[in-house]
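Here's the structure we're looking at; comments come further down.
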């Protein structure tokens, strides 16, 4: 008995440092490059390998760069529009897929397709379809259509998960209390789904905000989203301090957006779930 | 909410005066899912202002019945009348009924106040009128002052009170309750049971209450219907159904909760004697003889197998040195199998000598202190008056499809519920005629 006890204790003792070490390692692997990048963005020198002193000059230069600001504005507009359109379409799709009907499995699978199709393929096919076949001009419209395409699945998945956990009695109770179908949807279903719709929209926003591959096929003249601009400049001129500062800003922006969205939604969801 | 016991006026379990039109009437209602029939040819009438329970085991169709009255489901056939008007096909939001769900189904995104106000806003109530009405009903369920809370901040019992207030605030013709206490623990259940009785008396609304809990149905209802496989087995006051079960199923379903004995004894008819206008039948069960009064509409032959039920508190046990039951009572030799102390009473489970498997539960009031002299040697005889024996129809298989012949089993509405008198106008038409 005592032996078993000791064996258990040593195993536990070993676990005491193995687990934290693994966690630290994993996080270092994930975030060290980004932290290094962030540090470099404050570097006084043009070098991207040695740190000589603290400076905000690269950020100042960014704010003066017309091209960067235009790209940022486009990206934000694009991400916001994508989030809105994907949220509306995705919620309707999730709602339609709630009740069983013939071929529901197939429809669900088809909606998830963009998750497994390689992005390069998606970009090429969207280019071929929207621009060459449908005649949509390159630029904002084509970008929006493309971004909605690949972010829609996320909204559908999140909203469907919430719908699955929704007590069907809630809508029955609303009907029982005199609410017709539209009132029911407006006063009960939608409010209960809000956290999921919001989370889905936040996902869509960030996906659109970060997208390079698909966007690089579809951006027109003068209308380049920020990630595409970064990619282009980095491949043409190498890693410059401006690019480093720009990249750092984007990471911060995406992170802040996602964290805020998740916090707000989680707060709402907590209120809704007993 | 006050959790401490409150004073409640004595409850009179009285059937309200039946007015002309029943609040709810079902006529030959049938509903099936895929290949399973949930409710078949069911007819029922619930009087205005009545607390009416539908009692049955799971799968007996009671929830389906309620959902059809609420309008969440439509019957395949038959008519559902609310205040005399057929509502089949009318959507739930246009029916003058409201439902209290087992899962409460409170709107999680709304405060308690807004939950109660929800149905009133749909009626077009605004401002002062709305405020007064919500306040009144929160007070009725003793949750005044809880209006700003969210449902998740309330206990289960409080949530169910909100659900009741929300449904009642619309002042529906009928309040439908779908096992509203099933999710609560035993103490809260007992408390809310008292509460429900008070609320029903205060508002006077017709309550249609669905439950699988026989005790709940007996305690709460003015009248109740026992459902079995989608049909009405018996309708009557709690006392009717308990003391004079119309069928073996009812006798077995409403039984002692502790020892679980059904107290149905199988035997054969030995003699039928008529003295004046009372016919008494003697049934041989093992080595004992059970005496029962024979209802005027029932004929029995000598040697015919028959089942007799007796309620556990009606029978008495006699020890070896006792004189035994008086003459003219049932007299059954028994052996003690088990004794369960339940506080107020002791439940004895005894086996009838000469009839293997024939078990009888007998309650003895614990008027003495536990451990004080039990009659020596344990019980050897059980006995009870003939009027406490209930002759059951021969439907021993428990199979719903085996319909007894008309002679052996008259329609439930006439079996002993109101002997000799015509069925109540707001009574029931339990269809047990041969299909």
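What follows is calculated from the coordinates using simple rules that are stated; it is not laboratory data. What you see is a predicted model; the values in this text were computed from it and never measured. Quick reminder, even Gly has a Cβ in these numbers, built from the backbone with ideal geometry, and neighbours come from all protein chains shown.
Per residue of A:178-189, other chain Cβ atoms within 10 Å of the residue Cβ number 4 on average. Sorting the segments B:147-153, A:86-92 by their mean number of nearby beta carbons within 10 angstrom, highest to lowest, gives A:86-92, B:147-153.
Take every pair of alpha-carbon atoms less than 8 Å apart whose residues are at least six positions apart; their mean separation over the length of chain A yields a relative contact order of 28 percent.
Convex hull over the Cα atoms of region B:296-352, averaged projected area in nm²?
On the way: hull surface 24.8 nm².
In nm², the orientation-averaged hull projection of region B:296-352 is 6.2.
Listed peptides A:25-36, B:84-95, B:205-216 appear in the order B:205-216, B:84-95, A:25-36 once ranked by packing, highest mean of other Cβ atoms within 10 Å at the front. Taking the protein assembly as shown, how much of its Cα-Cα pair set, in percent, is spaced more than 48 angstrom apart? Beyond 48 Å sits 44 percent of the P(r) for the protein assembly as shown. Legend: mean number of C-beta atoms from other chains within 10 angstrom of residue C-beta atoms, peptide A:162-175, equals 5. Note on chain A: along the principal axes its Cα atoms extend 79, 71, 32 Å, ordered by decreasing extent. Taking the average, over residues, of other Cβ atoms within 10 Å as the packing measure, peptides B:268-277, B:223-232 rank B:223-232, B:268-277 from highest down.
Per-residue shielding of B:99-107, expressed as the average number of other chain Cβ atoms within 10 Å of the residue Cβ, stands at 5. Its DSSP H runs of at least 4 residues, each contributing -39,500 (n - 2.57), put the calculated 222 nm mean residue ellipticity of chain A at -25500 deg cm²/dmol, to the nearest 500.
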